[in-house]
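Working notes, structure below.
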Amino acid sequence: MEFVQDYALFLAKGLTILLIALAVLGAVASLSQRGRDRGDEQLTVKHLNQRYRNMERVLRLRVLGWRALRRHGKEYKRQRKAAAKGLHEEKGRIFVMRFQGDIRGTRVDSLREEVSAILTLARPGVDRAVVCLESGGGLVPPYGLAAAQLARLRDAGLDLTVAIDRVAASGGYLMAAVAHRITAAPFAVVGSIGVVAQIPNIHRLLKRHDVDIELLTAGQHKRTLTILGKNTPEGRAKFQQELEETHDLFKAYLQRYRPQLDLDTLATGEHWYGEQALELQLVDELRTSDDLLMALTREHEVYEVSFSRRQPLGRRIGIAFEQALENLLQR
């Protein structure tokens, strides 16, 4: 038993030293990069029609040869000229964004810039937006902000579609629910309408080694649960109350955008696969994002918009460490 206790203490010390080392390394790297990385931003726009066109040309060349490619090229130019003389512009443009979520919702900073860029050009009631979303959720404030960014598109008069290929759960589904229409792959994970918090507590370990923790607060509920100190029934009750209040806000937000949902049945924290989600009206159509975008390029000009900001080295190290820890905890 003594060996187990000593090993646990050694492991805790080792993890603490590792975290401190990473923090120091990140701080030093951040200071060294601060002036160099400031203002290093880039907005990228890809014309997806041309991307699919290039794919077709390569395949047509390899399969059918040069002559068939030239004939097809002439026909394609003729069709483009005819379309230019018609009402092509009135069909509207499609603006595409991709959101790859993590626990901290770090992608939201890029999302807000992409939305702002689109709104400088998009025409209300004419142009549309598509978000290819993949996220298992995370912290409430960043995912609430991400959902609010998508709401900006709706409020500006753009038709909004969210496409889910793998997962849109918890905060990810909070974002998806803002859309006028949600598409999902048949086995995409959807739902998890609930709130969870998990806090380790090592008070008993510290007590066994004669380590005292002094926790001073001003305000009755300034601190409810703690990692190092002794938790009280009153603190647990208050923390649970806060979780329930957050869950109520989650449900109210969903009800605003998808009033057809039976939240008494669905807001249990469970998740469903795409085909089940369609029956429960969590999604509106079974379809992959690839199929959706290819279909849209046949009648519209489709542009993928992405914003990137070069992060300082320390920040990149921190994000990589957090993602590795997140993957470890999810196993």
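What the table shows:
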read-out	value
Spans of helices (runs of 4 or more DSSP H) in the stretch 139-241 with at least 3 residues under 30 Å from M294 (Cβ atoms)	140-155, 171-176
Selection count where residues are of a type in the set (A, V, I, L, M, F, W, C) and closer than 30 Å to L263 by Cα, scope the stretch 202-248	4
Condition check for K207: free of Cβ contacts under 8 Å to residues at least 12 places away in the same chain and of a type in the set (K, R)	yes
Search result, residues across the stretch 231-241 that are within 19 Å of V140 (Cβ to Cβ) and surrounded by 15 or more Cβ atoms within 10 Å (Cβ to Cβ)	K238, F239
Pick from the stretch 146-168, criterion among the small types (G, A, S) and buried (at least 24 other Cβ atoms within 10 Å of the Cβ), ranking: farthest from R128 (Cα to Cα)	A168
Selection from the stretch 95-111 of residues that are buried (at least 22 other Cβ atoms within 10 Å of the Cβ), under 8 Å from the mean Cα position of the chain (by Cα) and within 25 Å of T297 (Cβ to Cβ)	F99
Test: residue in the stretch 128-144 that is within 18 Å of the chain's Cα centre (by Cα) and either at pLDDT below 90 or among the basic types (K, R) (or both)	no
Test: residue in the stretch 196-217 that is of a type in the set (D, E, K, R) and at pLDDT 95 or above	no
Pick from the stretch 24-42, criterion hydrophobic (A, V, I, L, M, F, W, C) and surrounded by 14 or more Cβ atoms within 10 Å (Cβ to Cβ), ranking: modelled with the lowest pLDDT	A29
Of all residues in the stretch 251-274 being under 21 Å from the mean Cα position of the chain (by Cα) and free of Cβ contacts under 8 Å to residues at least 24 places away in the same chain, the one that is farthest from L286 (Cα to Cα)	A252
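So that you can scan it fast, the table gives a plain yes or no per residue for (1) over 20 Å from the mean Cα position of the chain (by Cα); (2) modelled with pLDDT of 95 or more:
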{"position": "L280", "(1), (2)": "yes, yes"}
{"position": "R287", "(1), (2)": "no, yes"}
{"position": "R316", "(1), (2)": "no, no"}
{"position": "L328", "(1), (2)": "no, no"}
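The values are calculated or read from the model by the stated rules, or taken from the named source; none is laboratory data. Because the structure is predicted, anything quoted here is derived from the model rather than measured. Note that each Cβ is placed from the backbone with ideal geometry, even for glycine, and that neighbours are counted across all protein chains shown.
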